[in-house]
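Trainee: Right, I'll just put the structure down here and ask away after.
The values are calculated or read from the model by the stated rules, or taken from the named source; none is laboratory data. Just so it is clear, the model here is predicted, and its values are computed rather than measured. Don't worry about glycine lacking a Cβ; one is built from the backbone with ideal geometry, like all the others, and counts go over all protein chains shown.
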Amino acid sequence: MFFESTLLDLIARAILLSIIALSWVIFVVRVIGLRAFSKMTAFDFVATIATGSLLAGACQATSWPEFAQPALAIAALLGAQYTVARLRQFSQRFETVVENEPVLLMRDGVILDDALHQTRVARADLIAKLRAANALDFSQVRAVVLETTGDISVLHGSHLSDTLLEGVHRKQ
């Protein structure tokens with residue numbers, strides 16, 4: 001691609017393509033915005049993982065067409081993510097189709113076993129998250145929510161505003 005010597009070509013290609021590919025990702029993110037690497041939704045998470053994979057593919061290309069395909073795919077993927085985010089802002093129906101609901105796993109110190117079963121969250125994992133959140137007693141836990149990204153949020157203290165549970169599905 002660059003040099004007659006295989007070793008020199010390998011080194012030059014790795015360095016140059018990595019710099020170009022990383023610069024391309026930074027450029028696309030600057031155009032689209034920081035939301036490109038957020039983990040606010042499952043779609044965002046998948047786009048972030050896929051971008052990393054495409055970046056690796058671009059860095060390992062052995063020809064310019066092999067480099068261009070993942071580079072353009074990065075722009076298309078982040079552009080799709082931008083479009084989905086915009087559509088979610090303007091259409092509740094679209095948001096319902098593309099996004100899972102967060103699920104309540106625990107409320108006012110009581111573990112909701114049916115919700116754990118339906119979401120396939122192990123009781124031991126829930127308790128580990130409680131420890132990580134410095135919950136000292138079940139009675140202090142106001143709510144535990146399995147977020148749309150798969151993260152678990154622990155809300156504890158003396159009071160919980162109902163606004164924080166808007167849109168959270170309560171399994172019966």
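Trainee: Checking Phe43 against (1) assigned to a helix (DSSP H, G or I); (2) more than 26 Å from Pro102 (Cα to Cα), which test does it fail?
Mentor: Result: Phe43 passes all but (2).
Trainee: Of all residues being assigned to a loop (DSSP other than H, G, I, E, B) and hydroxyl-bearing (Ser, Thr, Tyr) in segment 120-172, which is farthest from Thr96 (Cα to Cα)? Just the residue, please. Please lay out each step first, then the result.
Mentor: Keep residues of segment 120-172 that are assigned to a loop (DSSP other than H, G, I, E, B), which gives 120-122, 133-137, 147-151, 157-161, 166-168, 170-172.
Now narrow it down to the ones that are hydroxyl-bearing (Ser, Thr, Tyr): 148-149, 158, 161.
On the way: Thr148: 12, Thr149: 15, Ser158: 32, Ser161: 24 Å.
Checking each candidate, the answer is Ser158.
Trainee: On to the next question. Are any of the residues in segment 104-112 part of a helix (DSSP H, G or I) and not small (Gly, Ala, Ser)?
Mentor: As a first pass, look at segment 104-112 and keep what is part of a helix (DSSP H, G or I): none.
The answer is no; no qualifying residue exists.
Trainee: Residues Ala71, Ala85, Ala36: which one is more than 30 Å from Glu147 (Cβ to Cβ), surrounded by 14 or more Cβ atoms within 10 Å (Cβ to Cβ) and within 21 Å of the chain's Cα centre (by Cα)? Reasoning before the result, please.
Mentor: Numbers: Ala85 fails: more than 30 Å from Glu147 (Cβ to Cβ); Ala36 fails: more than 30 Å from Glu147 (Cβ to Cβ).
Only one candidate qualifies: Ala71.
Yes/no per residue for (1) surrounded by 14 or more Cβ atoms within 10 Å (Cβ to Cβ); (2) of a type in the set (Asp, Glu); (3) within 25 Å of Arg88 (Cβ to Cβ):
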position: Val110; (1), (2), (3): no, no, no
position: Ala115; (1), (2), (3): yes, no, yes
position: Thr119; (1), (2), (3): yes, no, yes
position: Ala133; (1), (2), (3): yes, no, no
position: Val141; (1), (2), (3): yes, no, no
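Trainee: Can you go through Ala61, Ala68, Ala56 and tell me which one is in the same structural domain as Ile11 (by TED's automatic domain parsing), in contact with a Lys or Arg (Cβ under 9 Å, 6 or more places away or on another chain) and within 22 Å of Val29 (Cα to Cα)? Full working, then the answer.
Mentor: Values: Ala68 fails: in contact with a Lys or Arg (Cβ under 9 Å, 6 or more places away or on another chain); Ala56 fails: in contact with a Lys or Arg (Cβ under 9 Å, 6 or more places away or on another chain).
From the options Ala61, Ala68, Ala56, the qualifying one is Ala61.
Trainee: Further question on the same structure: What pairs can you find where one residue is in segment 37-62 and in contact (Cβ under 8 Å) with a residue 40 or more places away in the chain, the other is among the basic types (Lys, Arg), and their Cβ atoms are less than 6 Å apart, with a gap of 6+ or different chains?
Mentor: Going by the 6 Å Cβ cut-off, the qualifying pairs are Phe45/Lys39.
Trainee: Checking Thr96 against (1) touching a helix residue (DSSP H, G or I) at 6+ places or on another chain (Cβ under 8 Å); (2) modelled with pLDDT under 85; (3) of a type in the set (Ser, Thr, Tyr), which single condition isn't satisfied?
Mentor: The single condition Thr96 does not satisfy is (1).
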